[in-house]
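Since the structure comes first, as structure tokens, the remarks are kept for the end.
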Amino acid sequence: MSIQVDNLLKIYGLQRAVDNLSFEVPKGKITGFLGPNGAGKSTTMKIATGYILPTAGQVIVNGIDVVAHPLEAKRIIGYLPEHNPLYFDMYIKEYLRFVAKSYGFDKAKVNRKVAETIELVGLELEHKKKIGALSKGYRQRVGLGQALIGEPEVLILDEPTSGLDPNQIVEIREVIKQVSQDRTVILSTHIMQEVEALCDKVVVINKGKLVADEALHTFKKRLTRTSGFVLSFESDIDPTPLVNAGFVVEKQSPTSFIVDGSTANLRSGIMAVITENDWPLTSLTQSGGSLEEIFQDLTKGES
Amino acid sequence: MIQIFLKEVNEFLNSLIAYITIGVFLSIMGLLLWVFPETSVLDYGYASMETMFAVAPYVFVFLIPAITMRSIAEERKNGTLELLHTLPFTNLDIVLGKFFAGFFLVVFSLIPTVVYYFSLNQLGNPPGNLDTSGIIGSYIGLFLLGAAFTSIGIFASSISTNQIVAFVLAAFLSFMLYAGFDSISSINVWADWSTYIAQVGMMAHYDSLSRGLIDFVDIVYFVGIVSGMVLLTQMNLGFKR
């Protein structure tokens, strides 16, 4: 067991930022840490890195209690903070060297690790620049390099792809996937595609409380509606013919409906009814089937 | 600790901070000692560096907080303090690294003034007619004073994310500790206690070092202030999380 969060509690004033949270992050897998903004994701991750002290409870990383032995824990944890703070006046190599030295590597190893990391995160072309001169995507790579350079056994990444363009997101994901094989990785995000693309396990919290903690394929089974189409029309219509044809119709407005049914060819079946009645269809889109829906179901309660 | 120290020194050297502070300090010292007629040794008639040693603490009261005000405040504001905290550094590593980097800059700004000593040595009549032991003592006092001011500045910087607050607080604390207690002790209500009150301030210890008398007590006093401030800063870093 790689990261073990035990009854973690963090109280800021009157607010329970993390409320008796317990979950486990297994080794060799990527765990997605989900939750709406302000759910306590970053707080939990900061406690796991030893930066914030918990009010109660504990976090055990590879058998090390991060509160009792912070220095030992920090040696095996690589952490990418949420807003990726960096020293803008430093050169990339200078910065990575500084981080590598902090782990106590000798000179040869520092040089080797810096070169390896620059290659791993794809900074070869930029490696002579100052960090302040880099674009956001490249800064994120520097941050990721910082998290990786100490050969950590555990990686804690707080929204590693936020604010990046789609190409950069794919590239960063590739890097994360590549390094995850022999490590424990936990990453927070609120992009569901990311969870689908990367994670083996999902932990969802809301208002500091655990709402789901399971493997991705179990998580996906929570989907209540696996099929169904959203139909929109130009003018009001009476959906009785659809009901008569055996479909389940849910009226959203006079011009839009969610239609579901047990037939195999749902789309062509619906289309047949529409053409038969000559309805002015403007759009037909698939609804449901996405993780967003599960996420919303799990986290919208009492908010 | 050494990594933080090197990072800080690099930061000083890569920005204008180091050059400006050293330049300003040396300009003020040079002007006062050689050019301004009211204070110049050339007009004074005695080969003595007293002017410099009397004025330098007051210049330090402003210059050192200017060097140290950003050290922790800026890192806290930019979030890079989180980075340092999550790398394998202890709080003491961070504070000491920053303290020694600031002190390094103070030492560096004082070293060129040694030239003044050799110039004055030649100007004396006969050459060499100079209170060398007093000057050595004053230098030691000035180094210790610089160390104390640096530690106060780093502490002030750890209190707020606002650099101006850190600067004003550090300048005030430094001034109070240097000259404040001495002035308070001269109020005519303390009777026998006034010597003790003066001893709390730095000026009494600095003056005694300036006489060329390297007293163990004075050194312990300054080292005590530095240790106390470093400890407070380190605790402060631990509390605020």
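None of the figures in this text is laboratory data; all of them are computed from the coordinates on show. Please read these numbers as outputs of a predicted model, since none were measured by experiment. Glycine also receives a Cβ, built like all others from the backbone with ideal geometry; neighbour counts cover every protein chain displayed.
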All Cα pairs of chain A, percent lying beyond 30 Å: 45 percent
Solvent-free Debye scattering, log10 I(q)/I(0), computed from the Cα coordinates of the protein assembly as shown at q = 0.06 Å⁻¹: -0.46
Percent RCO, i.e. relative contact order, over chain A, from Cα pairs under 8 Å lying at least 6 residues apart: 20 percent
DSSP-defined beta bridges in the protein assembly as shown - what % are antiparallel, rounded to 5: 65 percent
Between helix A:166-180 and chain A: long-axis angle, C-alpha atoms, 0 to 90°, nearest 10: 60 degrees
Backbone HN-Hα couplings from phi across the stretch B:47-56 [Karplus 6.51/-1.76/1.60, Hz, Gly and Pro as x]: 7, 8, 9, 4, 3, 4, 6, 7, 8, 3
Part-to-part distance (alpha-carbon centres) for the stretch A:135-181 and the stretch B:161-233, which is given in Å: 50 Å
Equivalent ellipsoid dimensions for chain B as semi-axes, Å, which come from the Cα gyration tensor, largest first: 33, 22, 15
Unit charges at the beta carbon, dipole of the stretch A:3-220: most positive-side option, A:39, A:67, A:15: A:67
Virtual paramagnetic centre 7 Å along Cα→Cβ of residue B:162, amide N under 19 Å, in the stretch B:199-241: none
For B:4-16, mean number of other protein chain Cβ atoms within 10 Å: 2
Evaluated over the stretch A:229-287, the Cα radius of gyration and Dmax, each in Å: 10.1, 28
Residue-count net charge about residue A:140 - beta-carbon cut-off 15 Å; Lys, Arg +1, Asp, Glu -1: -3
Lys/Arg +1, Asp/Glu -1 at C-beta; chain B dipole; positive extreme among B:167, B:110, B:39: B:167
Share antiparallel - DSSP beta bridges, chain A, percent rounded to 5: 65 percent
Ordering of A:190-203, A:167-180 by burial proxy (mean other Cβ atoms within 10 Å per residue, highest first): A:190-203, A:167-180
Magnitude of the charge dipole, the stretch A:229-287, Cβ model with Lys/Arg +1 and Asp/Glu -1, debye to 20: 200 debye
Backbone HN-Hα couplings from phi across the stretch B:151-159 [Karplus 6.51/-1.76/1.60, Hz, Gly and Pro as x]: 5, 5, x, 5, 5, 4, 5, 7, 7
10 Å Cβ neighbours from other chains, averaged over peptide A:47-60: 2
Förster radius 56 Å - calculated FRET efficiency between residue B:219 and residue A:277 (Cβ-Cβ, nearest 0.05): 0.05
Peptide A:95-102, shielding by other chains (average Cβ, 10 Å cutoff): 4
